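Chemist: Mind looking over this structure? Questions follow.
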Amino acid sequence: MAEEKQVKSDRKFPAVERCNSTGREKNTVVADMDGTLLRGRSSFPYFALVAFEVGGILRLLFLLVASPFAGILYYFVSECAGVQVLIFATLVGMKVSDIESVARAVLPKFYSMDLHPESWRVFSSCGKRCVLTANPRIMVEPFLKEYLGADLIMGTEIGTYKGRATGFVRRPGVLVGSAKAAALRKTFGETSPEIGLGDRKTDFPFMELCQESYLVPSNTEVEAVTRDKLPKPVVFHDGRLVQKPTPFLALIIILWMPVGFLLACLRIAAGALLPMPLVYYAFWALGVRVTVKGTPPPPAQKSIGQSGVLFICSHRTLLDPVFLSTALGRPIAAVTYSVSRLSEFLSPIKTVRLTRERATDASMIKKLLEEGDLVICPEGTTCREPFLLRFSALFAELTDQIVPVAMANRMSMFHGTTARGWKGMDPFYFFMNPSPAYEVTYLSKLPYELTCSAGKSSHDVANYIQRVIAASLSYECTSFTRKDKYRALAGNDGTVPEKPAAAENKVMGC
């Protein structure tokens, strides 16, 4: 019996490419996650994301130092022991609510970039979808349920005490090997799921309980599922890191941050203290690339009663108006809704806070246009992906002198926006990138026949400008709003309580 059992455990399963996915609507599939649904077999990058986004650079350093020990245990003791070390180093002492927040707002973006095409073909074809994983369930559940349509997730359960993770796991422990098979038996009883998907020998115990099982080869290089074929596009996501942090990249981030912070301070000082005509050249000397396309209109001449031009920009970071001013070589006033007091203090441009009271804001914007040119980002919030959010239509009612501006940027290490964190650090994180870049494209001035004065509704004008900017950037227009973003990422509607303050402030973007 022992010999028969060993032979059975070592038998080869057919490759996942041989699985027929047609007519599987009534079937149940049970799949592993790392190396199966995802191409990568290592869970370190996702633990590193949680460590950095919740615990900061010191927690990431702690995880990086502990990871070699976890690797030794993984290869020479057991997979269970190695995963336990990663869980402890990452989660110990963290608030459970913070872990849940990162799992909802940060991890889905990175998981979706690593989806295995063949595994997804089989997984998506089945009517009932289940996942067995050694990863903490709290980390993977939002992605698997919301983006992959999983019905059941069986993962490692973390220990908690008074709302914080203890770093240890609850019974039956880390879900690997026979523990996966036991969880499958407990859930399905005597019923055998139709399809099992795994990628390593420790998956064999649960795969052998399925009617059909297929192996995802680990030595085959395959391209991840492309953005247009994802089951659900990731429009909104949060977090500071641009790339998935492998151990080597995590080390680079840790070493770069002190240098990057000093460089960011220097770049911000150059933008805030130098005359605007010189900022463009100072940025280039400090490694910040600013590319200008198109021809902007000349400044408004107040001496002859000429009103200012209203620049309508796509919104990528709170620095959009600053880089528009840099491209023009002169400061342009801007309107904003919510920025930190630190950003206000550092800002090189004048901006007026919106009150969200329509009549008050309209009067304020008209007054600013009488004084000169003005920039508005009608999306009301930033979006990192190639999408444009719905444009608020108020601006179209206030002037016919409208110039659309397509703003695009590039960040290689850190995102310069946040929905969950302190916005005061947004400009620092943007300028902490080794070589951040902005591209400012001036589009044609809105023709008179397409303005409100010519009979167009403000919504028609706003939608038209949204389409023009989107076409220039090869972005997609959406009807999502600021509230949609903050509900998805932060669990609120993005409303910021106003404190008594003067309406006019110096701020850094909008």
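Chemist: Enumerate the pairs (first residue in the range 479-492 and aliphatic (A, V, I, L, M); second residue anywhere and in a helix (DSSP H, G or I) and open to solvent by 80 Å² or more (accessible area, probe 1.4 Å)) with beta-carbon separation below 9 Å, excluding pairs fewer than 6 apart on the same chain, so at least 6 apart or on different chains.
Modeler: Pairs found: Ala488/Arg104; Leu489/Arg104.
Chemist: Shifting gears a bit: Quick one: would you say Ile138 is modelled with pLDDT of 95 or more and not in a helix (DSSP H, G or I)?
Modeler: Details: modelled with pLDDT of 95 or more: yes; not in a helix (DSSP H, G or I): no.
No.
Chemist: Within the range 181-194, track down each residue that is in contact with a strand residue (DSSP E or B) (Cβ under 6 Å, 6 or more places away or on another chain) and more than 16 Å from Thr133 (Cα to Cα).
Modeler: Keep residues of the range 181-194 that are in contact with a strand residue (DSSP E or B) (Cβ under 6 Å, 6 or more places away or on another chain), which gives 183, 193-194.
Those that are in contact with a strand residue (DSSP E or B) (Cβ under 6 Å, 6 or more places away or on another chain) and more than 16 Å from Thr133 (Cα to Cα): Pro193, Glu194.
Chemist: Oh, and also: Quick check, is Tyr75 part of a helix (DSSP H, G or I), of a type in the set (Ser, Thr, Tyr) and over 21 Å from Met139 (Cβ atoms)? Walk me through it before giving the result.
Modeler: On the way: part of a helix (DSSP H, G or I): yes; of a type in the set (Ser, Thr, Tyr): yes; over 21 Å from Met139 (Cβ atoms): yes.
Yes; evaluated as a whole, the condition is true for this residue.
Chemist: Could you check, for the range 426-447, whether at least one of its residues is among the charged types (D, E, K, R), open to solvent by 20 Å² or more (accessible area, probe 1.4 Å) and either closer than 30 Å to Ile99 by Cβ or in contact with a Leu (Cβ under 7 Å, 6 or more places away or on another chain) (or both)?
Modeler: The first filter runs over the range 426-447 and keeps only residues among the charged types (D, E, K, R), leaving 426, 439, 445.
Pick out the ones that are also open to solvent by 20 Å² or more (accessible area, probe 1.4 Å) and you get 439, 445.
Right, trim to either closer than 30 Å to Ile99 by Cβ or in contact with a Leu (Cβ under 7 Å, 6 or more places away or on another chain) (or both) and you get none.
Scanning the range 426-447, I find no residue that is among the charged types (D, E, K, R), open to solvent by 20 Å² or more (accessible area, probe 1.4 Å) and either closer than 30 Å to Ile99 by Cβ or in contact with a Leu (Cβ under 7 Å, 6 or more places away or on another chain) (or both), so the answer is no.
Chemist: Testing Val290 on (1) β-branched (Val, Ile, Thr); (2) modelled with pLDDT of 95 or more; (3) buried (at least 20 other Cβ atoms within 10 Å of the Cβ), one condition comes back false. Which one is that?
Modeler: (3)
Chemist: Which one of Val102, Val16 is buried (at least 20 other Cβ atoms within 10 Å of the Cβ) and under 28 Å from Leu215 (Cβ atoms)? Show your work before the answer.
Modeler: Values: Val102 fails: under 28 Å from Leu215 (Cβ atoms).
So the residue among Val102, Val16 that is buried (at least 20 other Cβ atoms within 10 Å of the Cβ) and under 28 Å from Leu215 (Cβ atoms) is Val16.
Chemist: Here is a follow-up. Restricting the range 468-504 to residues that are under 30 Å from Glu100 (Cα atoms) and of a type in the set (Val, Ile, Thr), which is modelled with the lowest pLDDT?
Modeler: Here the residue is Val496.
Chemist: Does Ile465 meet the test of being at pLDDT 70 or above, surrounded by 16 or more Cβ atoms within 10 Å (Cβ to Cβ), in contact with a Ser or Thr (Cβ under 9 Å, 6 or more places away or on another chain) and outside any loop (DSSP other than H, G, I, E, B)?
Modeler: Values: at pLDDT 70 or above: yes; surrounded by 16 or more Cβ atoms within 10 Å (Cβ to Cβ): yes; in contact with a Ser or Thr (Cβ under 9 Å, 6 or more places away or on another chain): no; outside any loop (DSSP other than H, G, I, E, B): yes.
It is false that Ile465 is at pLDDT 70 or above, surrounded by 16 or more Cβ atoms within 10 Å (Cβ to Cβ), in contact with a Ser or Thr (Cβ under 9 Å, 6 or more places away or on another chain) and outside any loop (DSSP other than H, G, I, E, B).
The values are calculated or read from the model by the stated rules, or taken from the named source; none is laboratory data. Small disclaimer: the values here were computed from a predicted structure and weren't measured. Here Cβ is always computed from backbone atoms with ideal geometry, including for glycine, and neighbour counts include all displayed protein chains. Accessible surface is based on the protein model in full, side chains and every heavy atom, while ligands, DNA and RNA are left aside. Shrake-Rupley method; radii C 1.70, N 1.55, O 1.52, S 1.80 Å.
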